[in-house]
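I have placed the structure first, in the form of structure tokens, so that the comments after it can refer back to it.
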Amino acid sequence: MKYDTIIIGAGPGGIFSAYELIKLNPDCKILVLECGNPLNKRKCPIDGKKIKSCVKCSTCAIMNGFGGAGAFSDGKYNITNEFGGNLYEYIGKKEALDLMNYIDEINVAYGGEQTRKFSTANSSLKKVCLQNDLHLLDASVRHLGTDINYIILENLYNELKDKVTFCFNSYVNEILDCETHYTVKTKDEEYQGNTVIVSTGRSGSKWMQSICSSLGIQTKSNRVDIGVRVEIPAAVFDHITSEVYESKIVYRTKKFQDKVRTFCMNPHGVVVNENTNGIITVNGHSYEDENMFSENTNFALLVSNHFTEPFKDSNEYGESIARLSNMLGGGVIVQRFGDLIRGQRSTPNRISESFLTPTLSATPGDLSLVIPKRQLDDIIEMIYALDKIAPGTASDDTLLYGVEVKFYNLQVDVDSNLETCHPGLYVIGDCSGVTHSLSHASASGVYVARKIAQSQKEKC
Ligand SMILES: Cc1cc2nc3c(=O)[nH]c(=O)nc-3n(C[C@H](O)[C@H](O)[C@H](O)COP(=O)(O)OP(=O)(O)OC[C@H]3O[C@@H](n4cnc5c(N)ncnc54)[C@H](O)[C@@H]3O)c2cc1C
């Protein structure tokens, strides 16, 4: 039960730290503890027929297990310091980009060779956006697609499974600093490790908070983003998505001077439910395989909310709004843009008579009863702004699903090695509050693995 390194969480952060550690030091004894299932046993019971909504499994197959929250995601690896996290503030912009490119090479080598990489560099879209008071952020993006993303994870697991000990269905309750080593406790077992990498993602946010307070690690409040998922006919955004695939477009609203941004664009994709700590919100993904294309494109419109004294629990604010939509709609609510503007509820009849077929079965309702006025006005203004570069976005039939919430973990106090005040205890990926994307979380894993391997070498 004694290991050189114990990794908690088998999301991208945990997987890539194990990958790099074993590559740099093949004799290293590594244990990965993951509360969810192995990849092949991750199956959400919602089938749309017998089980239509979340039955609150003990661990969520979508969020937990090998591959983490991103396992069934669209697999968009954005290579940029402009969004997806603040890793560059800790390790420098060049190193952060180098690491994201390194992750890209691994993804390509493990099954992504046929996938495409898009870039906003020299895109004509940038000028069109600027002419309409919109701002396109610079990035390259490798779109793996949900199908290829899964294959890469399968290949990475096969690469690691004989070199690293994986314990699934192992929820870590406690980490104890025993001065010479760390003790990590699950319900039934205790493990000792010289170093510990915590990579428990967003689903482990509450747990992370309790670990930080038990170990005396400082944390800072972070932001929460609230908005909707927009679904339109794919043709409306085709000139944008075929050129850059994923466009992060930012707009400053005239009314409140808030920034609204597009997020997670899924050409020909589908809208899906997401379960965070039992609260159902909305998300989206798409496939690389054209046979699995839908006729729609979806993306999120998000407004960031930062809080200062006396309120600092930004996640609780986001959860309360999501809970409200769950209370009124039994889950996610869908509304036609035209109904929202006219101040009327969408009904099953209005949805079925519209020209756009929803890809998610959600409850027709009224988002103005759920989303606060400020954020809702911001979103409406942004939809009209986008309509100038993609006419049809502000159509009556455009579907808005709510709510989409992007929770960010509290910012954990880590140094430039992503190490806490406890030597040898590292916090990486989304649970650190430093990253909030596949590429940044993965890059943070490689970064910490290299730091650990270097200090192991120095000790030898
Ligand atoms: C539907 C969806 C689509 C997404 N699409 C994209 C996308 O296209 N591009 C992008 O950049 N990002 C996307 N994201 C976000 C991305 O998935 C995350 O940023 C990324 O997975 C973070 O990686 P991580 O390793 O930090 O955490 P996670 O992937 O969340 O992994 C953490 C792991 O730790 C485990 N864990 C938690 N607590 C414990 C505990 N106490 N004990 C043991 N194990 C524990 C969890 O089960 C989980 O498997 C998407 C997210 C979702 C949900």
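Just so you know, all these numbers are worked out from the coordinates, no wet-lab data involved. This structure is a prediction, so every number in the text was calculated from the model and none was measured. Cβ sites come from the backbone with ideal geometry, for glycine too, and all protein chains shown count toward neighbours.
Tabulated results
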{"read-out": "Quotient of Cα Rg and 2.2 N^0.38 Å for the stretch 224-407, N being how many residues it contains", "value": "0.96"}
{"read-out": "Scaled radius of gyration (Cα, divided by 2.2 N^0.38 Å) that the stretch 35-150 gives", "value": "1.34"}
{"read-out": "Ranked by how many other beta carbons lie within 10 Å on average, peptides 307-316, 125-134, 67-76, 168-177 from highest", "value": "67-76, 168-177, 125-134, 307-316"}
{"read-out": "Viscosity 1.567 mPa s, 4 °C: Kirkwood-radius Stokes-Einstein D of the stretch 308-375 over Cα pairs, µm²/s", "value": "98"}
{"read-out": "Distance from the stretch 66-141 to the stretch 403-460 (C-alpha centre basis), Å", "value": "19"}
{"read-out": "Protection-proxy order for peptides 430-441, 86-97, each taking the mean of Cβ atoms within 10 Å per residue, highest first", "value": "430-441, 86-97"}
{"read-out": "Mean ellipticity per residue at 222 nm, deg cm²/dmol - from DSSP H runs of n ≥ 4 across the chain, formula -39500 (n - 2.57)", "value": "-10000 deg cm²/dmol"}
{"read-out": "Entries of Lys41/Lys457; Lys41/Lys163; Lys94/Lys459; Lys163/Lys451 with Cα pairs more than 31 Å apart", "value": "Lys41/Lys457"}
{"read-out": "Summed residue charge, Cβ within 15 Å of Ile91's Cβ, Lys/Arg positive, Asp/Glu negative", "value": "-2"}
{"read-out": "Tail beyond 37 Å, pair distance distribution of the chain (Cα, percent)", "value": "23"}
{"read-out": "Reachable lysines, given that their alpha-carbon falls under 24 Å from the alpha-carbon of Lys259 and they are not under 8 places away in the same chain", "value": "Lys76, Lys93, Lys126, Lys127, Lys220, Lys248, Lys312, Lys373, Lys388, Lys406"}
{"read-out": "Label-point separation in nm, Glu95 to Asp133, each point 7 Å along Cα→Cβ", "value": "4.2"}
{"read-out": "Where labels lie 7 Å past Cα in the beta-carbon direction, separation of Glu174 and Lys457 in nm", "value": "3.7"}
{"read-out": "Computed Kirkwood radius, in angstrom, where 1/r is averaged over Cα pairs of the stretch 104-196", "value": "17.7"}
{"read-out": "Spin-label proximity, Phe355 to the stretch 201-234 - amide N less than 20 Å from point 7 Å beyond Cα toward beta carbon", "value": "230-234"}
{"read-out": "Under the span-like rule (Cα at least 24 Å along the axis, Kyte-Doolittle mean at least -1.0), DSSP H helices of the chain", "value": "373-389, 438-459"}
{"read-out": "Cross-link partners of Lys185 among aspartates and glutamates (Cα-Cα below 12 Å; sequence separation of 8 or more within a chain)", "value": "Glu174, Asp177"}
{"read-out": "Spatial separation of Cα centroids for the stretch 309-323 and the stretch 1-37, in angstrom", "value": "33"}
{"read-out": "Net charge contributed by nearby residues that have their C-beta within less than 14 Å of Gln257 (K/R +1, D/E -1)", "value": "0"}
{"read-out": "Neighbour-count order for Lys23, Lys248, fewest beta carbons within 10 angstrom listed first", "value": "Lys23, Lys248"}
